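Engineer: Starting off with a structure, shown below.
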Amino acid sequence: EAIKQLNNKGMEPIVIGKGNQIIKQLPEASSNLLSKEKVMIRTDGQLTIPDMTGWSLRDVMKIAKLGNLKLNSVGNGYVKKQNLKPGALFNEGEYLIVELEPPIEKYRVDEEEQTVEDEEETIEVKD
């Protein structure tokens, strides 16, 4: 029900935990939220790590706080890699290590991939 309500309000709910009862959420319910902001929800049951690729460090910090994880980050910008595999179970107190890249680096990679795709589409016509 909480996920439906958040979706209806234009928020992006992220659930860690395989339970049915909400234990805590960040930002808290009384906070002012931005449109499309990620709302982290911790439920009872086993804890699972989400795919954080492309996330800001601020959002990663919310997950670390909710899951009582020890956070280490390398670099600046947005998540490129994470040590805990998406969907994997984790325990409180584990290390969460994320590698960040500046947005310009992500743009360059996307641009290079597009150039390669464009070159592959070139067809040589012979008379």
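Engineer: I'd like the residue in the range 59-99 that is assigned to a strand (DSSP E or B) and of a type in the set (Lys, Arg) and, out of all such residues, is nearest to Thr43 (Cα to Cα).
Structural biologist: Lys70
Engineer: For Pro50, are the conditions met, namely being closer than 19 Å to Leu96 by Cα, within 18 Å of the chain's Cα centre (by Cα) and of a type outside the set (Asp, Glu)?
Structural biologist: Spelling it out, Pro50 is indeed closer than 19 Å to Leu96 by Cα, within 18 Å of the chain's Cα centre (by Cα) and of a type outside the set (Asp, Glu).
Engineer: With the requirement that a residue be surrounded by 14 or more Cβ atoms within 10 Å (Cβ to Cβ) and either touching a Pro at 6+ places or on another chain (Cβ under 9 Å) or assigned to a loop (DSSP other than H, G, I, E, B) (or both), what does the range 1-18 give you?
Structural biologist: If the condition is that a residue be surrounded by 14 or more Cβ atoms within 10 Å (Cβ to Cβ) and either touching a Pro at 6+ places or on another chain (Cβ under 9 Å) or assigned to a loop (DSSP other than H, G, I, E, B) (or both), then Ala2, Ile3, Leu6, Met11, Ile14, Val15, Ile16, Gly17 are the ones that fit.
Engineer: Determine which member of the set Tyr95, Tyr78 is of a type in the set (Ser, Thr, Tyr), touching a residue at least 12 places away in the same chain (Cβ under 8 Å) and in contact with a helix residue (DSSP H, G or I) (Cβ under 7 Å, 6 or more places away or on another chain).
Structural biologist: After applying the criteria, what remains is Tyr78.
Engineer: It is to be established whether one or more residues within the range 101-109 are modelled with pLDDT of 90 or more and closer than 27 Å to Lys4 by Cα.
Structural biologist: No, the range 101-109 has no match at all.
Engineer: In this structure, is Ile49 modelled with pLDDT of 90 or more and surrounded by 19 or more Cβ atoms within 10 Å (Cβ to Cβ)?
Structural biologist: yes
Engineer: Got a number for residues in the range 19-37 being loosely packed, with under 10 Cβ neighbours inside 10 Å and of a type in the set (Asp, Glu)?
Structural biologist: 1
Engineer: Exactly one condition in (1) modelled with pLDDT under 95; (2) assigned to a loop (DSSP other than H, G, I, E, B); (3) not aliphatic (A, V, I, L, M) is false for Lys24; which is it?
Structural biologist: Against the list (1) modelled with pLDDT under 95; (2) assigned to a loop (DSSP other than H, G, I, E, B); (3) not aliphatic (A, V, I, L, M), Lys24 comes up short only on (2).
The values are calculated or read from the model by the stated rules, or taken from the named source; none is laboratory data. These figures come from a predicted structure and were not determined experimentally. Here Cβ is always computed from backbone atoms with ideal geometry, including for glycine, and neighbour counts include all displayed protein chains.
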